[in-house]
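Worksheet: one structure, shown below.
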Amino acid sequence: MRIGLLTGGGDCPGLNAVIRAVVRHSIKGYSSEVVGYLEGWRGPVDNITMPLTMRTTDSIISKGGTILRTSRTNPFKEDRGAERIKENLEKHNLSAIIAVGGEETCSVANKLYKEHNIPIVCIPKTIDNDLNATDFTFGFDTAVNVVAEAIDRLHTTAESHNRVLVCEVMGKHAGWIACYGGIAGGADLILVPEKPVITAEVIDSIKRCHARGRDYSIVVVAEGARFDTDPPANGNGNGDNHTSQQVGFGGIGERLARVINEQTGYETRATTLGHIQRGGSPTAFDRVLATRFGVHAVDLVHQGKFGRMVSLKGNQVTDVPVEDAVDTLKTLDLDLYKVAEVFFG
Ligand code: F6P
């Protein structure tokens, strides 16, 4: 059997680990071949491929990014996109595609499978951990570790200078990174897209913190968090727009720092972590999760179980219909937020 493999959407630590696992298990476990499609869905639409062998994927488990590169190409926005994918699969004599991606990549896969009968298996990745039907995506753990380390470093300056330091992290529609990273870093306040930011509550929380003898505090805010007075966000929450662009002003971190500074008089600065959270070497947890996902996906292909997405439930790797993972995003577990709240103020 010959299988096509692509990585779509934003890059994410663990993509190379998954590529290595798919190639190794296909060749050793099933005597199958894997063809790499370059740049997400652009690869199968425009027929851009690269050979993948055990040799070329041998030492990539520790590397960030993706050797297949990636894009946000949507075949349904391309001329005859789905038809071209079908033709190109035949050209390469491929029996299936394994698509590694987040909500957008999986939505496309679901449509290609249902409406065009293309045999596809999906593997969930995103640092945001906002994909439904899986407890965790790989990439998230690495991002959280980056955030926790950044907060540790911010603590040093906050404490030395008696400052409030605001740390803006990724998470357009869900506060998973903010909440996990904030708890791990010992943040004094965490603000997430799932809860409107109420200025009076923020100010009160910071003043309480300082009233108990602390001359500094750390506030973590997800990029998608919004003041209760902000106009409603555009789109359905699954679009490609950044929230800061949607509402038409600077990043939420800078805005928040300005408000805190004006209303408390405490010296306040903002740091935006941005793509630092997505880059670099994956944690051991993400390498292992990506490897388990890759092996399971290859097994699904060989069992003829298409239209499925690999999923982590508890500590078990299993699989679910891809359609269960798309259309809505997995927002933050508010019970977890309650744990974070114990440490506010
Ligand atoms: O990978 C998810 C994500 O990191 C979001 O948290 C972020 O808003 C977005 O991607 C940014 O992606 P890019 O800058 O590549 O468009």
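Between GLU115 and GLU78, what is the FRET efficiency for a Förster distance of 25 Å, r being their Cβ-Cβ separation, to the nearest 0.05? Result of the calculation: an efficiency of 0.95. Legend: helices of the chain (whole DSSP H runs) are marked when their alpha-carbon atoms reach 20 angstrom or more along the helix axis and their mean Kyte-Doolittle hydropathy is at least -1.0; marked are 140-161, 284-302. For the options THR142, THR66, THR49, a Gaussian network treatment of the chain with springs between C-alpha atoms closer than 10 Å singles out THR49 as fluctuating the most. Which percentage, to the nearest 5, of the DSSP beta bridges contained in segment 1-125 is antiparallel? DSSP beta bridges in segment 1-125 are roughly 20 percent antiparallel. Taking Lys and Arg as +1 and Asp and Glu as -1, the other residues whose beta-carbon sits under 11 Å from that of ASP128 total +1.
What is the sum of charges around GLY182, taking Lys and Arg as +1, Asp and Glu as -1, for the other residues whose C-beta is under 11 Å from the C-beta of GLY182?
On the way: positive: none; negative: ASP188, GLU341.
Neighbourhood net charge equals -2.
Need the list of aspartates and glutamates near LYS111 for cross-linking: C-alpha distance under 13 angstrom, and skip anything on the same chain fewer than eight residues off. Cross-link targets: GLU83, GLU103, GLU323, ASP324, ASP327.
Would you please classify the overall shape of the chain from the alpha carbon gyration tensor, given that a ≥ b ≥ c denote the square roots of the eigenvalues, rounded means a/c under 1.5, and beyond that prolate means a/b larger than b/c while oblate covers the rest?
Because a/c hits 1.5 or more and a/b exceeds b/c, the chain counts as prolate.
Summarising the amide proton neighbourhood of GLY175: residues at separation of 5 or more, or on other chains, whose placed amide H is nearer than 5 Å comprise GLU194, LEU332. For segment 14-102, the set of trypsin sites (Lys or Arg not before Pro) satisfying both a DSSP loop assignment and a count of at most 12 other C-beta atoms within 10 Å is given as ARG55, ARG80. Among ALA200, ALA233, ALA325, the residue with the largest mean-square fluctuation in a Gaussian network model of the chain, with springs joining Cα atoms closer than 10 Å, is ALA200.
Computed from the C-beta positions of GLU267 and ASN315, the FRET efficiency with R₀ = 51 Å rounds to 0.70. Can you tell me the FRET efficiency between GLU90 and MET1 if r is taken as the Cβ-Cβ distance and R0 is 22 Å, rounded to the nearest 0.05? The pair GLU90/MET1 has a calculated efficiency of 0.95.
Each of ILE60 and LEU336 was given a label point 7 Å from its Cα along the Cα-to-Cβ line. The distance between the two points is 2.9 nm.
Whole number in Å², please: accessible area per residue of the chain, 1.4 Å probe, ligands, DNA and RNA not counted. Intermediate results must be reported in sequence, preceding the final value.
Working: 14350 Å² over 345 residues.
Here the residues of the chain average 42 Å² of exposed surface.
Counting only Cβ charges, +1 for Lys and Arg and -1 for Asp and Glu, the dipole size of segment 1-73 around its Cα centre is about 140 debye.
Taking amide H positions as modeled 1.01 Å from N, with prolines and chain starts lacking one, the residues under 5 Å from GLU168 and 5 or more places away or on another chain are VAL221, THR271, THR272, LEU273.
How big, on average over all directions, is the shadow cast by the Cα convex hull of segment 91-158, in nm²?
Details: hull surface 25.9 nm².
Seen from a random direction, the Cα hull of segment 91-158 projects 6.5 nm² on average.
Ranked from largest, the principal axis spans of the Cα set of segment 1-91 equal 37, 28, 15 Å.
Quick check: net charge around GLY279, other residues with Cβ under 12 Å of its Cβ, Lys/Arg +1 and Asp/Glu -1? Please report the intermediate quantities before stating the final value.
Working: positive: LYS63, ARG278; negative: ASP11.
Net charge around GLY279: +1.
Here the spin labels are modelled as points 7 Å beyond Cα on the Cα-Cβ line, and at ALA284 and THR328 they lie 3.7 nm apart. Partners of LYS28 within straight-line reach, counting lysines whose Cα lies under 26 Å from its Cα and excluding those fewer than 8 residues away in the same chain: LYS63, LYS91, LYS125, LYS305.
The phi torsions of segment 124-136, fed into the Karplus equation with coefficients 6.51, -1.76 and 1.60 and a -60° offset, translate into couplings of x, 9, 4, 5, 6, 6, 9, 8, 5, 6, 9, 5, 9 Hz, rounded to whole numbers, with Gly and Pro shown as x.
Taking amide H positions as modeled 1.01 Å from N, with prolines and chain starts lacking one, the residues under 5 Å from GLY64 and 5 or more places away or on another chain are GLY280, SER281.
The values are calculated or read from the model by the stated rules, or taken from the named source; none is laboratory data. What you see is a predicted model; the values in this text were computed from it and never measured. Note: ideal-geometry Cβ built from the backbone for every residue, glycine included; neighbour counts use all protein chains shown. For the accessible areas, the whole protein counts, side chains as well, though only heavy atoms, and no ligand, DNA or RNA atoms are used. Shrake-Rupley method; radii C 1.70, N 1.55, O 1.52, S 1.80 Å.
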